[in-house]
1. Go through (1) among the acidic types (Asp, Glu); (2) open to solvent by less than 70 Å² (accessible area, probe 1.4 Å); (3) modelled with pLDDT of 95 or more for Glu94 and report which single condition fails.
2. Residues in the range 114-125: is at least one closer than 19 Å to Val86 by Cα, open to solvent by 70 Å² or more (accessible area, probe 1.4 Å) and either touching a residue at least 12 places away in the same chain (Cβ under 8 Å) or in contact with a helix residue (DSSP H, G or I) (Cβ under 6 Å, 6 or more places away or on another chain) (or both)?
3. Can you tell which of Gly93, Gly36, Gly40 is of a type in the set (Gly, Ala, Ser) and touching a residue at least 24 places away in the same chain (Cβ under 8 Å)?
4. For the list (1) more than 10 Å from the chain's Cα centre (by Cα); (2) open to solvent by 20 Å² or more (accessible area, probe 1.4 Å), I need the number of the one condition that Thr80 fails.
5. Of everything in the range 22-52, what is under 25 Å from Met151 (Cα atoms) and either of a type outside the set (Asp, Glu) or at pLDDT below 95 (or both)? Give them in sequence order.
Amino acid sequence: MKKLFSRLSVLLLAAMLMVALPAQSVSAATLCVNTGGTDGCYATIDAALAAAVNGDTIEVQPGTYVLAAPVTINKDVTITGIDHPVLQVSGTGERIIMTTAGATLDGFYIEKTDTTGVQNIIYVGANDLTIQNNKIWGQYVIGDPDVSRAMVFTGGLSGLSINHNEIYDL
């Protein structure tokens with residue numbers, strides 16, 4: 001009986017300690033992107049997105065980044081441009097595809113570098129997204145046959161925060 005009581009006491013003490021000790025929290029990481037992929041940074045936004053987990057921040061350093069293929073933001077991450085890096089897009093179709101609630105795109109200059117075809121530069125396909133402090137422009141001139149769009153939204157979305165963006169010549 002004494003052994004049983006002793007074992008129960010040890011288990012009870014262990015349970016009380018587990019409740020009393022604060023849980024360790026996992027803090028979000030900050031990943032960086034620069035044009036050379038140096039100093040521990042990734043060379044592309046896509047590479048940083050592949051390494052990121054929900055809650056992370058991706059800081060894109062100054063420079064020019066050519067988005068030759070679509071970039072899909074499919075995680076709850078904040079992508080922040082430091083000193084307004086330039087994202088250059090061309091061709092047709094969507095170039096930045098936002099599909100996960102909570103994602104943020106903040107602080108970029110996004111330039112459509114050609115007049116070839118219709119392009120929807122940012123596709124908004126999830127609730128609770130933030131797109132802010134961006135300048136989005138193209139090469140459109142009145143009379144051009146194709147018109148591009150800075151953003152296209154799927155229906156039925158809520159909780160979107162679209163603030164302080166400048167859009168022209170699309």
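1. Result: Glu94 fails condition (3) only.
2. First pass over the range 114-125, keeping only residues closer than 19 Å to Val86 by Cα: 114-115, 119-123.
So of that shortlist, the ones also open to solvent by 70 Å² or more (accessible area, probe 1.4 Å) come out as 115.
Narrowing further to those that are either touching a residue at least 12 places away in the same chain (Cβ under 8 Å) or in contact with a helix residue (DSSP H, G or I) (Cβ under 6 Å, 6 or more places away or on another chain) (or both): 115.
Among the residues of the range 114-125, at least one is closer than 19 Å to Val86 by Cα, open to solvent by 70 Å² or more (accessible area, probe 1.4 Å) and either touching a residue at least 12 places away in the same chain (Cβ under 8 Å) or in contact with a helix residue (DSSP H, G or I) (Cβ under 6 Å, 6 or more places away or on another chain) (or both), which makes the answer yes.
3. Among Gly93, Gly36, Gly40, only Gly93 is of a type in the set (Gly, Ala, Ser) and touching a residue at least 24 places away in the same chain (Cβ under 8 Å).
4. (1)
5. Step one: list which residues in the range 22-52 are under 25 Å from Met151 (Cα atoms), which gives 33, 44-50, 52.
Of everything in the range 22-52, those that are under 25 Å from Met151 (Cα atoms) and either of a type outside the set (Asp, Glu) or at pLDDT below 95 (or both) turn out to be Val33, Thr44, Ile45, Ala47, Ala48, Leu49, Ala50, Ala52.
The values are calculated or read from the model by the stated rules, or taken from the named source; none is laboratory data. Since the model is a prediction, treat every value here as computed from it, not as a measurement. With ideal geometry, Cβ positions are generated from the backbone for all residues, glycine too; neighbour counts draw on all protein chains shown. To get the accessible areas, we keep the full protein, side chains included, count just its heavy atoms, and leave off ligands, DNA and RNA. Shrake-Rupley method; radii C 1.70, N 1.55, O 1.52, S 1.80 Å.
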